[in-house]
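The values are calculated or read from the model by the stated rules, or taken from the named source; none is laboratory data. These numbers were taken from a predicted model, which means no experiment stands behind them. As a convention, Cβ positions derive from the backbone with ideal geometry for all residues, glycine included, and neighbour counts pool all protein chains shown.
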Amino acid sequence: MKHTVFLLFGLWSLFPNGQFNFWEPSTEGLNRPKWPTAKLVPDDTTGVSFFDDFSGNWSSQWHGDVTSFDTTNGGLGPVEHATAPVSITIPSPRVRNTVWEAGVQVNGAFSTSNYVRLYLAATKSSPHEPQTGYHLQIDGVNDYHVYRLWRQNGRTRSIVFESDPISNQTDTFRARIRITCTSNGLWQILTDEYDSGSFAVISDKDGEPNALDDTYINGTYSGYFVNFSPTRWRDFKIDYLLIKPLDLTAEPNPGHAVQPGDILINEILSNPMPGGVDFIELYNYSNKAINLSQIDIANINASGVVGVRQKIANHTLFLHPNEYRVLTTKPAIVKQHYPKSDLRTFIEMPALPNFNNETGGVVLYSDSSVIDSLFYMSAMQSPFIINHEGVSLERQHFSEPTNAPGNFQSAATSIGGATPGYQNSRHPAEVTEDELFLTSKTFSPDNDGFEDYLEINYHFGESGFMANIDIYTDEGLLVRKLKRNQSLATQGKISWDGLTDANQRLPLGIYVAVIEIYSAKGLRKMYRKSFVLAAKL
């Protein structure tokens, strides 16, 4: 007899009054035993953000292969002529501080072609597509089943958690499965298999009861995906799916109204490089979590006329205190142009308001109130940057009015011209040591992993500085024009590999770095830093 089994999401299994009812399994050449139709049910549905026990007309929120499922067996299962794999999803932004729970019954054993996935967080409505997020897969071979939590990036998957093989008690798999993720990204899997009556923590192969993975902080959809061989369509029944907060006290208080200044415009790229796209970066400057589905965005044209308002999100999506969110239509292109971008903070918008390249603005609304607004113009860009394409305008101070003179300036070209999803290059810095110094006065570019580069560190108390850096021999011969009109962040590091402008190796000896720092305010400083090239290249 060929065995096959499928599991779903976090579940609990209880038989009403201890009574068992039976339904006839597939008779397509398979001599399988009958299995109970008594539904697995959750212990508690208080505070759920989503719950469906597939009784009668199942929730209209489901998307995907809805015609490939029915509820005639008291739960949700594939229809006879469904073509595997089949899947359905619901809108759900939750990842952190969340419980996913489901009840699953499977007649037969798991195999490489018979398994179930619970999509906890996905970015596309169809699990068949490349995804960013997490899913739990229940599979196995012969008389065993295994729980694996996967992190997915496109079509690439990485294991976060894997259990030891667990022995099947009967030919019918019956379980409630619960997956939790804390506010800090600590994952745990608990199961109530074969009507034990209580949940038990599943440990990984090393005996650890949980796994830490904080890569993704929000999703767009949850759902499930079932793969089965042609004769196994009738062997899968899902009794319920439940999603709710793990800790209600850690949930945002919906009674906290959004006030002006709670969310701030922190960065804008309105004049992208060729092939690029605009982006707007927001920052939560309050002490409360804010649902971005309550926030609208609009553009302002060069004449000051506000355009049509557009919702940032059509579903619950929280921006927590001190967090960034980047709004753009093509996150992958922004990441390509700015490799340090934090994709976890991106919100892929179907469309953004049309922002003029040089002069215009952006405004944020909550209901009828303006939360923040910025009017920008080309004069706000650094006069030392000739081509402003691909250079964003960054906020300097959260505590100052958005449109205060000097509060938005060009991002440093030394870090790529923009900082999507992380701290601005022009953030204020406290100078507690020399503002410009060498990591070491000796370096040896011999690729041994130790002091292979000359490192020039800088740390300024204000933004807006530019730099020219030249390298001379101790006899005054210019050997390398290292930087020309390079805009600097408030702090950072510039490295030299010991090669000339012609990419030639230099002999060991004493050299001098001549560094000119200047700003549009008329400030100008010169530094001479001597050092030793201490080993032959």
TODO: Please list, ordered by first then second residue, the pairs with beta carbon atoms under 6 Å, 6 or more apart or interchain, first in the stretch 121-143 and within 18 Å of ILE243 (Cβ to Cβ), second among the aromatic types (Phe, Trp, Tyr) and assigned to a loop (DSSP other than H, G, I, E, B).
DONE: GLY133/TYR216
Task: Test: residue in the stretch 94-104 that is farther than 16 Å from LEU242 by Cα and part of a strand (DSSP E or B) - done: no
TODO: Might you let me know whether the stretch 269-286 holds any residue that is in the same structural domain as MET377 (by TED's automatic domain parsing), over 25 Å from GLN381 (Cα atoms) and in a loop (DSSP other than H, G, I, E, B)?
DONE: yes
TODO: Just need a number here: residues in the stretch 168-194 that are out of contact with any His (no Cβ under 8 Å at 6 or more places or on another chain) and aromatic (Phe, Trp, Tyr).
DONE: 2
Task: Test set (1) of a type outside the set (Ser, Thr, Tyr); (2) under 22 Å from the mean Cα position of the chain (by Cα); (3) more than 24 Å from ARG94 (Cβ to Cβ) - PRO260 fails condition number - done: (2)
Open item on the list: Of all residues being acidic (Asp, Glu) and not in a strand (DSSP E or B) in the stretch 379-400, which is nearest to VAL277 (Cα to Cα)? Just the residue, please.
Closed with: GLU389
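Could you list, in sequence order, the residues of the stretch 377-411 that are of a type in the set (Ser, Thr, Tyr) and either in contact with a strand residue (DSSP E or B) (Cβ under 6 Å, 6 or more places away or on another chain) or surrounded by 21 or more Cβ atoms within 10 Å (Cβ to Cβ) (or both)?
Here is the first cut: in the stretch 377-411, the residues of a type in the set (Ser, Thr, Tyr) are 378, 382, 392, 399, 402, 410.
Answer for the stretch 377-411, where residues must be of a type in the set (Ser, Thr, Tyr) and either in contact with a strand residue (DSSP E or B) (Cβ under 6 Å, 6 or more places away or on another chain) or surrounded by 21 or more Cβ atoms within 10 Å (Cβ to Cβ) (or both): SER382, SER392, THR402, SER410.
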Task: Any chance SER303 is over 25 Å from GLY219 (Cβ atoms), free of Cβ contacts under 8 Å to residues at least 40 places away in the same chain and not aliphatic (A, V, I, L, M) - done: yes
Open item on the list: For the list (1) buried (at least 20 other Cβ atoms within 10 Å of the Cβ); (2) under 17 Å from the mean Cα position of the chain (by Cα); (3) modelled with pLDDT of 90 or more, I need the number of the one condition that GLN336 fails.
Closed with: (1)
Task: Count - residues of the stretch 76-93 that are part of a loop (DSSP other than H, G, I, E, B) and closer than 16 Å to ARG232 by Cα - done: 7
TODO: Just name the residue that is farthest from ASN210 (Cα to Cα) out of those in the stretch 165-189 that are among the hydrophobic types (A, V, I, L, M, F, W, C) and surrounded by fewer than 19 Cβ atoms within 10 Å (Cβ to Cβ).
DONE: ILE166
Task: Residue in the stretch 465-487 that is assigned to a loop (DSSP other than H, G, I, E, B) and among the hydroxyl-bearing types (Ser, Thr, Tyr) present - done: no
Open item on the list: For the stretch 290-313, give me each residue that is over 18 Å from the mean Cα position of the chain (by Cα), assigned to a loop (DSSP other than H, G, I, E, B) and either within 19 Å of THR329 (Cβ to Cβ) or at pLDDT 85 or above (or both).
Closed with: ASN301, ALA302, SER303, VAL305, GLY307, VAL308, ARG309
TODO: Considering only the stretch 199-250, state which residues are surrounded by 15 or more Cβ atoms within 10 Å (Cβ to Cβ), closer than 25 Å to PHE50 by Cα and among the charged types (D, E, K, R).
DONE: ASP213, ASP214, LYS237, ASP239, LYS244
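Looking only at residues that are of a type in the set (A, V, I, L, M) and either closer than 22 Å to SER382 by Cβ or in contact with a Ser or Thr (Cβ under 6 Å, 6 or more places away or on another chain) (or both) in the stretch 515-533, which one is modelled with the highest pLDDT?
At the first step, the residues of the stretch 515-533 found to be of a type in the set (A, V, I, L, M) are 515, 517, 520, 523, 526, 532-533.
Remaining after also requiring either closer than 22 Å to SER382 by Cβ or in contact with a Ser or Thr (Cβ under 6 Å, 6 or more places away or on another chain) (or both): 515, 517, 520, 523, 526, 532.
Details: ILE515: 89, ILE517: 86, ALA520: 76, LEU523: 77, MET526: 80, VAL532: 84.
Top of the filtered list is ILE515.
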